[in-house]
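Chemist: One structure follows; several queries about it will come next.
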């Protein structure tokens, strides 16, 4: 039997695991900016950095638990696209040289989650099934 066929039924659960891990990593960017945890935050929090930190903190928390997942992931994807073109692209055309590969990955993973949904384990799914 084909191993991929055996794994296919686990797609919704794996989507949830991807969503949770990526959102927790993203949430950390917000906690660093706002609270200086787990490392030092920026010396001064400009309006743009403050807005980014709020999106990272609130959006990261929402996507972690799977609540309003599609909307939050879409907003976070947009934030990362914006961050790439504002902060990274002007440094160099190549993402490996402008340190923008993380922003690109977050952008496209969150875009995928916005389209695919939260997966099997989420508050969105629990609320939808509670009706």
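The values are calculated or read from the model by the stated rules, or taken from the named source; none is laboratory data. No experiment lies behind these values; they were computed from the predicted model shown. In this analysis, Cβ positions are derived from the backbone assuming ideal geometry, glycine residues included, and neighbour counts consider all displayed protein chains.
Chemist: Scan the range 81-102 and tell me whether some residue there is at pLDDT below 95 and over 23 Å from residue 11 (Cβ atoms).
Modeler: Checked against the condition, which is being at pLDDT below 95 and over 23 Å from residue 11 (Cβ atoms), the range 81-102 yields at least one hit.
Chemist: If you don't mind, there's one more thing I want to ask. With (1) free of Cβ contacts under 8 Å to residues at least 12 places away in the same chain; (2) touching a helix residue (DSSP H, G or I) at 6+ places or on another chain (Cβ under 9 Å); (3) in a loop (DSSP other than H, G, I, E, B) as the list, and residue 43 as the residue in question, which single condition is left unmet?
Modeler: It is condition (2) that residue 43 fails.
Chemist: Only one residue in 17, 55 is touching a helix residue (DSSP H, G or I) at 6+ places or on another chain (Cβ under 7 Å), modelled with pLDDT of 95 or more and either in a helix (DSSP H, G or I) or under 24 Å from residue 122 (Cα atoms) (or both). Which one?
Modeler: One residue alone meets the criteria, 55.
Chemist: Further, regarding this structure: Yes or no: residue 71 buried (at least 17 other Cβ atoms within 10 Å of the Cβ), part of a helix (DSSP H, G or I) and under 13 Å from the mean Cα position of the chain (by Cα)?
Modeler: In short, no.
Chemist: Examine the range 86-104 for a residue that is touching a residue at least 24 places away in the same chain (Cβ under 8 Å), assigned to a helix (DSSP H, G or I) and buried (at least 19 other Cβ atoms within 10 Å of the Cβ), and state whether such a residue exists.
Modeler: No, because not a single residue in the range 86-104 is touching a residue at least 24 places away in the same chain (Cβ under 8 Å), assigned to a helix (DSSP H, G or I) and buried (at least 19 other Cβ atoms within 10 Å of the Cβ).
Chemist: Among the numbered criteria (1) surrounded by fewer than 16 Cβ atoms within 10 Å (Cβ to Cβ); (2) not in a helix (DSSP H, G or I), which single criterion is violated by residue 118?
Modeler: Among (1) surrounded by fewer than 16 Cβ atoms within 10 Å (Cβ to Cβ); (2) not in a helix (DSSP H, G or I), the lone unmet condition for residue 118 is (1).
Chemist: Which of (1) under 22 Å from residue 11 (Cα atoms); (2) in a helix (DSSP H, G or I); (3) within 13 Å of the chain's Cα centre (by Cα); (4) touching a residue at least 12 places away in the same chain (Cβ under 8 Å) is the odd one out, the single condition residue 125 does not satisfy?
Modeler: Of the numbered conditions (1) under 22 Å from residue 11 (Cα atoms); (2) in a helix (DSSP H, G or I); (3) within 13 Å of the chain's Cα centre (by Cα); (4) touching a residue at least 12 places away in the same chain (Cβ under 8 Å), the odd one out for residue 125 is (3).
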